[in-house]
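*Asks:* Let me begin by handing over the structure; questions about it come next.
The values are calculated or read from the model by the stated rules, or taken from the named source; none is laboratory data. What you see is a predicted model; the values in this text were computed from it and never measured. So basically every Cβ, Gly included, is an ideal-geometry build from the backbone, and we count neighbours across all protein chains shown. Just so you know, the surface numbers come from the protein's heavy atoms only, side chains and all, with ligands and any DNA or RNA stripped out. Shrake-Rupley method; radii C 1.70, N 1.55, O 1.52, S 1.80 Å.
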Amino acid sequence: MGNIDLAVEPDFRLGPWLVRPSLGMACRDGAEVKLEPRVLQTLIVLVRAEGRTVSRAELMRTAWGLEVGDDAIGRCIGRLRAVLAIDGVIGFETIPKIGYRLSVDAGIDDTSPPALPPTLPAPPRRPLWPWVAVAGSILLIAGSLQLLKRDGAALPVAQVTPVTSDPGQEIQPALNRGGGQIAYAADRAGQGFDIWVQSLTGGTPARITDDPAHDLSPSWSPDGGRIAFVRIDRDGPCRILVKPVPSGPERQVGACSTFREVKLAWLDNGHLVHADRPGTAGPARLWSVALSGPQAGQQVALTDPPPGIHGDSDPTLSPDGKRLAFMRHRAVGVSDVIVRELATGAEQQVTDDGRKLHGLEWSGDGRWLYAASSRAGDFGLWRIDPEGTAPPLRVAPGLNQLGRIGAGGDRVAAEVRTNRSTLLRLHPDGRQEPVVPPSNRLDWDPDISRQGAVAFASDRSGMFEIWVAERGQAPTPVTQFQGPFTQSPRWAPDGQRLALISVIDGAPGLFILDRGAERLRRVAADPGAEDRAPAWSRDGQRLYFASNRLGGWRIWITRPPYDQAMPITEAGWRVAKESADGRWLYMARDGENGLWRQPADGGMPERIADLPDAYDNESWVVGGGGVYLVDRPGNGQARIMLLPNDGAPMRMVTELPDALYKSSLALGPDGGLVIGQYLGSLVDIVDVRIDEP
């Protein structure tokens with residue numbers, strides 16, 4: 001752990017922060033932020049340098065005590081920036097090809113003696129049932145986690161109180177322009193999601209839709225007299241409907257081309273805007289749809305994302321009707337906020353966090369944008385300057401994961417979400433048992449080494465990391481990315497190397513974690529590209545993965561030392577896995593149902609099965625007897641199918657209720673299958689009253 005013993009390091013002040021190394025935390029304005037040992041050691045080295053540039057070699061020698069890659073150091077610097085440098089007082093400067101330098105605004109007095117942070121109430125015990133845990137967290141937020149004003153600074157004060165607390169899900173809140181009424185989707189009637197409306201000053205919630213299909217994504221018209229929403233039928237893309245409030249007949253005003261669910265926004269009283277992809281190729285755009293007149297129901301493109309972008313989504317209109325803010329997704333888990341001037345079409349990117357966004361809305365007065373972002377690790381509520389000149393400011397923490405938000409007047413409504421799943425081992429004799437001790441969080445995407453160790457993605461720590469459970473031991477995290485979306489752990493045959501997908505310094509990519517050498521390296525870095533679906537060859541000498549680095553998804557391979565990669569297919573392929581004997585390469589196409597096979601040393605691919613579904617194109621695994629795939633006949637049920645190697649027809653292996661979508665199917669050395677089982681989502685809505693200075 002380097003030459004710095006945190007247990008005996010004295011507390012010190014750094015600008016407005018009190019850093020307490022022996023407790024692993026930094027304190028400010030009555031709040032505490034945990035910092036990992038490596039991050040604290042890196043900070044202490046920079047502080048001791050007193051403004052001098054510190055080389056990477058010095059950081060490795062003093063803070064780490066071992067040789068690490070630039071990504072590991074950059075990850076620590078990124079964590080320090082996200083926590084300590086949010087208001088520009090403290091800076092962590094990167095000196096290209098040399099090192100890093102710490103700076104503190106000279107106008108901030110950092111010489112005052114250390115002061116102990118105020119006493120905070122002890123956290124409550126985790127209740128036995130997850131819905132109680134959600135409710136307890138909401139009450140804890142409401143009672144004790146207001147942001148405090150720092151002396152001499154003009155910071156907002158946020159008061160958080162619960163709006164709903166029923167078991168089940170209340171999601172996708174939308175506030176009317178004045179902020180007095182809220183609409184949301186809820187499944188409390190037990191017949192799927194419907195749209196509900198209630199006053200934030202009290203009263204009984206009223207259900208305004210009751211269709212058997214799911215009704216989602218409510219949005220108030222500017223005049224407050226109508227609500228637009230989307231209806232999701234069992235098959236096909238979503239439909240867009242409008243309904244008067246409090247009552248009146250609903251009518252369909254448009255339909256999606258390919259998307260099953262979208263967020264709606266009003267451009268004016270006669271036009272809506274939403275995201276959609278017109279076909280299987282190309283990024284998602286924002287489209288406007290007129291509600292009446294000759295153009296009624298027709299989609300007109302508003303945005304044109306640049307090449308290599310996943311697409312645009314989550315539009316929100318400024319209160320003056322002049323600017324449209326939306327999310328632009330560079331990769332899975334990497335989103336930026338874009339502001340578009342509707343009169344000119346000019347666009348400005350106002351964030352560059354390399355993090356995931358869950359919600360985006362304008363403040364009631366149009367001064368700010370609010371977003372649920374993981375830029376500090378957990379999904380807290382952040383205030384963003386739409387001009388892009390001031391740094392984002394955190395206005396509420398995310399004890400549970402914050403999701404979609406709505407804004408109006410001086411308040412923000414936000415989802416508080418707890419997703420639960422567990423990893424199940426499916427034995428050949430039909431028995432099922434947990435692979436690791438279940439938690440009240442989301443465990444998914446498992447893989448099992450030949451030695452029996454289980455790797456999986458989980459947000460047990462409050463954010464997604466990769467966890468490993470050795471045989472007979474409790475799981476522990478093996479990554480500390482602190483916020484970026486991290487997934488797809490895949491064991492090499494030696495059981496020492498893990499391939500995984502994550503984001504470092506805003507750049508998504510494929511990484512290899514060498515557990516024996518404590519080394520993390522980026523594979524064949526290509527800035528601006530996205531890599532997915534890693535899979536090792538049976539001898540561990542090749543790593544297959546999908547990448548869009550040449551435009552369109554292709555299968556690539558890389559070999560030691562993993563600094564270069566080459567494509568082995570044309571565009572259109574999303575997943576590739578080698579057969580157990582190394583003779584075949586099984587593949588799934590991008591956006592298409594089915595499984596293909598070709599000789600591993602090259603040849604023409606042939607289609608051999610109708611499964612997997614395009615949405616499950618990573619949820620299959622190759623074993624000695626054939627390929628195991630997930631089939632979903634409907635009603636939340638799933639079953640595992642086997643496509644035998646000997647050419648026999650596909651047959652069912654076992655049934656499994658509520659299998660997670662996009663959760664990899666893993667095969668253990670004993671022939672047992674492992675898959676993520678969905679245990680439910682519990683979502684409530686909180687009201688965040690923001691007192692701006």
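*Asks:* State the three equivalent ellipsoid semi-axes of region 416-519, derived from the C-alpha gyration tensor as the square roots of 5 times its eigenvalues, in descending order and whole Å.
*Replies:* 22, 19, 11
*Asks:* Hey, what does the equivalent ellipsoid look like for region 210-278, semi-axes from the Cα gyration tensor as sqrt of 5 times each eigenvalue, largest first, whole Å?
*Replies:* Taking √(5λ) for each eigenvalue gives 19, 15, 8 Å, largest first.
*Asks:* For the pair residue 606 and residue 541, how long in nm is the line joining their label points, each one 7 Å along Cα→Cβ?
*Replies:* 2.8 nm
*Asks:* How many angstrom separate the Cα center of region 211-233 from the Cα center of region 480-497?
*Replies:* Taking the Cα centre of each part, region 211-233 and region 480-497 sit 40 Å apart.
*Asks:* Work from the charge dipole of region 262-331 (Cβ charges, +1 for Lys and Arg, -1 for Asp and Glu, about the Cα centre) and give the residue of 325, 267, 281 farthest towards its positive end.
*Replies:* 281
*Asks:* Once the piece of chain linking residue 36 and residue 320 is laid out straight, how much longer is it, given 0.36 nm per residue of separation minus the C-alpha distance between them? Write out the running numbers ahead of the final one.
*Replies:* Working: separation 284, 0.36 × 284 = 102.24 nm, distance 4.36 nm.
Full-extension gain reported as 97.9 nm.
*Asks:* Using a cut-off of 9 Å between beta-carbons, work out the net charge of the residues near residue 323 (Lys and Arg +1, Asp and Glu -1, residue 323 not included).
*Replies:* Charge balance in the 9 Å sphere: 0.
*Asks:* Taking the full set of protein chains and a 1.4 angstrom probe, give the accessible area of residue 204 in square angstrom, rounded to the nearest 10.
*Replies:* Accessible surface of residue 204 is approximately 120 Å².
*Asks:* Follow-up question, since we're still on this one. Could you put 415, 58, 655 in order of accessible surface area, largest first, with the 1.4 Å probe and the full protein assembly present?
*Replies:* If we order 415, 58, 655 from most to least accessible, we get 655, 58, 415.
*Asks:* While we're here: Give the average over all directions of the projected area of the C-alpha convex hull of region 524-642, one decimal, in nm².
*Replies:* Average of the hull's projected areas for region 524-642 equals 7.7 nm².
*Asks:* Can you tell me the Rg and Dmax of the chain, counting just the alpha carbons, in angstroms?
*Replies:* 25.6, 77
*Asks:* Pop a pseudo-label 7 angstrom from the Cα along the beta-carbon direction at both residue 206 and residue 550 and give the gap in nm to one decimal.
*Replies:* 6.0 nm
*Asks:* Residue 322: which aspartates and glutamates have alpha carbons under 18 Å from its alpha carbon, excluding same-chain residues fewer than 8 sequence positions away?
*Replies:* Here the aspartates and glutamates satisfying the reach criterion relative to residue 322 are 223, 268, 314, 341, 347, 361, 365, 385, 387.
*Asks:* So, one more: Excluding residues on the same chain fewer than 8 positions from residue 577, give the lysines whose Cα lies under 28 Å from its Cα.
*Replies:* 662
*Asks:* Multiply the residue separation of residue 271 and residue 344 by 0.36 nm, subtract the distance between their alpha-carbon atoms, and state the gained length in nm to one decimal.
*Replies:* Between residue 271 and residue 344, full extension yields an extra 24.5 nm.
*Asks:* Ok, one more. FRET efficiency for residue 451 and residue 505, Cβ-Cβ distance as r, R0 = 56 Å, nearest 0.05?
*Replies:* Taking R0 as 56 Å, the efficiency between residue 451 and residue 505 is 0.95.
*Asks:* Continuing with this model, one more query. Please state, rounded to one decimal and in Å, the Kirkwood hydrodynamic radius that region 284-358 gives when every pair of distinct Cα atoms enters the mean of 1/r.
*Replies:* So the Kirkwood estimate lands at 13.2 Å.
*Asks:* Whenever you get a sec, compute what percent of the accessible area on the chain sits on carbon and sulfur atoms (1.4 Å probe).
*Replies:* With neighbouring chains kept in place, the figure for the chain is 50 percent.
*Asks:* What distance in nm lies between label points placed 7 Å from Cα along the C-beta direction at residue 3 and residue 648?
*Replies:* Calculated label separation equals 6.5 nm.
*Asks:* Restricting attention to the alpha-carbon atoms of region 576-693, what are Rg (one decimal) and Dmax (integer), both in Å?
*Replies:* Both quantities, over Cα of region 576-693: 18.6, 72 Å.
*Asks:* Give the value in nm², to one decimal: projected area of the alpha carbon convex hull of region 1-50, averaged over all directions.
*Replies:* Hull-based average projected area comes out at 3.4 nm².
*Asks:* Let me ask something additional. Determine how large the accessible area of residue 550 is when every protein chain is in place; take a 1.4 Å probe and give Å² rounded to the nearest 10.
*Replies:* The accessible area comes out at roughly 110 Å².
*Asks:* Grab the beta carbon distance between residue 101 and residue 474, set R0 = 30 Å, and tell me the FRET efficiency rounded to 0.05. Mind showing how you got there, number by number?
*Replies:* Working: r = 40 Å, r/R0 = 1.35.
Step by step, r from the Cβ atoms, then E = 0.15.
*Asks:* Order 75-84, 383-392, 486-495, 192-201 from most to least packed using the mean count of other Cβ atoms within 10 Å. It would help to have the intermediate numbers written out before the result.
*Replies:* Working: 75-84: 22.6, 383-392: 16.2, 486-495: 20.5, 192-201: 18.6.
Descending packing order for the listed peptides: 75-84, 486-495, 192-201, 383-392.
*Asks:* In addition: Could you grab the relative contact order for region 548-655? Cα pairs under 8 Å, six or more apart, rounded to a whole percent.
*Replies:* For region 548-655, the relative contact order is 14 percent.
*Asks:* Counting only helical runs of four or more DSSP H residues, what would the 222 nm mean residue ellipticity of the chain come to if each run contributes -39,500 (n - 2.57) and the total is spread over all its residues?
*Replies:* Mean residue ellipticity at 222 nm (helix-derived): -2000 deg cm²/dmol.
*Asks:* At 1.4 Å probe size, with every protein chain present, just tell me what the per residue accessible area of region 195-321 comes to in Å².
*Replies:* Dividing the accessible area of region 195-321 by its residue count gives 43 Å².
*Asks:* Below 8 Å between Cα atoms, with a sequence gap of 6+, how large is the relative contact order for the chain in percent?
*Replies:* The value is 10 percent.
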